[in-house]
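A.B. asks: So that we are looking at the same thing, I have put the structure below in structure tokens.
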Amino acid sequence: MAQDKLKIGIIGTGGIAQIAHIPIWMQMENVDLVAICDRNKNRAKWIAEKYGIGRYFERAEEMLKIDEIVAVDICTPTQSHMPLAISAISAGKHVLVEKPMARNYEESVKMVDCAREHQRILMVAMNVRFRQDAMTLKTFTQRGELGEIFYGKTGWLRTKESLVHRTWLSEKEVSGGGVFMDLGIQMLDVGLWLMGNPHAVSVSATTYNKISQLPVEDSAAAFIRLSEGSTLTVEVSWTLLSEKDFFYTNLFGTRGGALLNPLRVHRELHGNLVNVTPPREETPENLYKKSYQNELRHFADCLLSGETPSSSGEENLERMRIADAVYESARSGREVLLK
């Protein structure tokens, strides 16, 4: 029945909201998208009419006054994540916020503290971990089938043509950084998640903008020492001079190894290396599309069950702490030690 559905409101109706969030929320049987908000009121009106959404607003504080809204989905530029999340949580709403969580660790801590104080769910929309191939690989690492994961390598290298889509992402005051805050934070997340969420003990990183001449980095590489002696490398770029993008994650374990995209899993059994990769069920396009479906469905399930979500605000503090260290290391030219 309609009255039993979760009432959701969205703040921000830009690209990711229109491509993924709004269409998915509209298709979910247990969710009712009752309101949208955008500082461009004409766009909010157009989107509301297009999807048959009952109410639209120009100011978030007006939408947050609606008592029936139990959760808010924040799809705005990064500089507004912290103030909007704190306003929504303080108004009694649970929050899903697009990645990155905020512009830096300090802002992220304030968001988590507010969610803890008001006992509300705060989830960060890290959709890469909700790809079916990533979730399948997670079952292997959780069961210990690859042994001790001592090294991970992950990256997303996009071609120079992707620069045409860089808008506010290249404005540091808005985004918090360049390609590392855009692509790096996602790959850092999936790498740490697959490795069991170890803590970082040091970061050594370099950033570049030799091709784009943007005010933020267009390429970055980081070497991260993790607790218990494991390591993770992350490399990302908006300006790869190549004919195609590269998106990957490699895991090296004491009893096996794995590659993501395409998924390949090998284990050592009785002295022999055996391919134990499950049958492929999804195309690359469907993996991307369904990652958002899985992500939003997971958030809705947590609202109903009260369980802590995967990619919680607290878990993402480690990602933001590492991101701050990446930029500090790149600026100083030195390894940054983390407590």
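A.B. asks: Within the range 132-153, identify whether any single residue is of a type in the set (Lys, Arg), in a loop (DSSP other than H, G, I, E, B), surrounded by fewer than 18 Cβ atoms within 10 Å (Cβ to Cβ) and modelled with pLDDT of 95 or more, and answer yes or no.
C.D. replies: yes
A.B. asks: Tally time: how many residues in the range 85-114 are buried (at least 23 other Cβ atoms within 10 Å of the Cβ) and assigned to a helix (DSSP H, G or I)?
C.D. replies: 5
A.B. asks: Given the condition more than 25 Å from Ser230 (Cβ to Cβ) and free of Cβ contacts under 8 Å to residues at least 24 places away in the same chain, answer yes or no: does some residue in the range 144-159 qualify? Steps first, please.
C.D. replies: Of all residues in the range 144-159, those more than 25 Å from Ser230 (Cβ to Cβ) come to 158-159.
Retained after the next criterion (residues that are free of Cβ contacts under 8 Å to residues at least 24 places away in the same chain): none.
The answer is no; no qualifying residue exists.
A.B. asks: Which of the residues that make up the range 180-226 are surrounded by fewer than 20 Cβ atoms within 10 Å (Cβ to Cβ), modelled with pLDDT under 95 and either within 30 Å of Arg143 (Cα to Cα) or in contact with a helix residue (DSSP H, G or I) (Cβ under 8 Å, 6 or more places away or on another chain) (or both)?
C.D. replies: Ile211, Leu214, Pro215 - these are the residues of the range 180-226 that are surrounded by fewer than 20 Cβ atoms within 10 Å (Cβ to Cβ), modelled with pLDDT under 95 and either within 30 Å of Arg143 (Cα to Cα) or in contact with a helix residue (DSSP H, G or I) (Cβ under 8 Å, 6 or more places away or on another chain) (or both).
A.B. asks: For residues in the range 232-257 being at pLDDT 95 or above and more than 21 Å from the chain's Cα centre (by Cα), which is nearest to Ser212 (Cα to Cα)?
C.D. replies: The selected residue is Phe252.
A.B. asks: Out of Tyr105, Tyr51, which single residue is of a type outside the set (S, T, N, Q), closer than 29 Å to Ser170 by Cα and outside the structural domain of Leu183 (by TED's automatic domain parsing)?
C.D. replies: None of the others qualify; the one that does is Tyr105.
A.B. asks: Determine the pairs where a residue that is touching a residue at least 60 places away in the same chain (Cβ under 8 Å) and among the aliphatic types (A, V, I, L, M), located within the range 298-312, has a partner that is assigned to a loop (DSSP other than H, G, I, E, B) and loosely packed, with under 13 Cβ neighbours inside 10 Å with Cβ atoms under 7 Å apart, the partner being 6 or more residues away or on another chain.
C.D. replies: Short answer, once both residue conditions are applied: Ala300/Asn30.
A.B. asks: Another question about this same structure. Can you list residue pairs whose Cβ atoms sit under 7 Å apart, with the first residue in the range 315-339 being without any contact (Cβ under 8 Å) to a residue 24 or more places away in the chain and hydroxyl-bearing (Ser, Thr, Tyr) and the second being surrounded by 19 or more Cβ atoms within 10 Å (Cβ to Cβ) and in a helix (DSSP H, G or I)? Count only pairs 6 or more apart in sequence or on different chains.
C.D. replies: The qualifying pairs do not exist here.
A.B. asks: Please work out which residue is farthest from Val97 (Cα to Cα), limiting yourself to the range 287-313 and to residues that are exposed (fewer than 15 other Cβ atoms within 10 Å of the Cβ) and touching a helix residue (DSSP H, G or I) at 6+ places or on another chain (Cβ under 8 Å). Give the steps one after another, and end with the answer.
C.D. replies: Just the residues of the range 287-313 that are exposed (fewer than 15 other Cβ atoms within 10 Å of the Cβ), to begin with: 301, 304-308.
Okay, now just the ones that are also touching a helix residue (DSSP H, G or I) at 6+ places or on another chain (Cβ under 8 Å), so 307-308.
Working: Glu307: 17, Thr308: 15 Å.
Going through the qualifying residues, I end up with Glu307.
A.B. asks: Can you go through Ile47, Ile86 and tell me which one is farther than 30 Å from Tyr327 by Cβ, among the β-branched types (Val, Ile, Thr) and without any contact (Cβ under 8 Å) to a residue 60 or more places away in the chain?
C.D. replies: After ruling out the rest, the residue left standing is Ile47.
A.B. asks: State yes or no: is Leu287 aliphatic (A, V, I, L, M), at pLDDT below 95 and in a helix (DSSP H, G or I)?
C.D. replies: Here the answer is yes, as Leu287 does meet what is asked.
The values are calculated or read from the model by the stated rules, or taken from the named source; none is laboratory data. What you see is a predicted model; the values in this text were computed from it and never measured. Here Cβ is always computed from backbone atoms with ideal geometry, including for glycine, and neighbour counts include all displayed protein chains.
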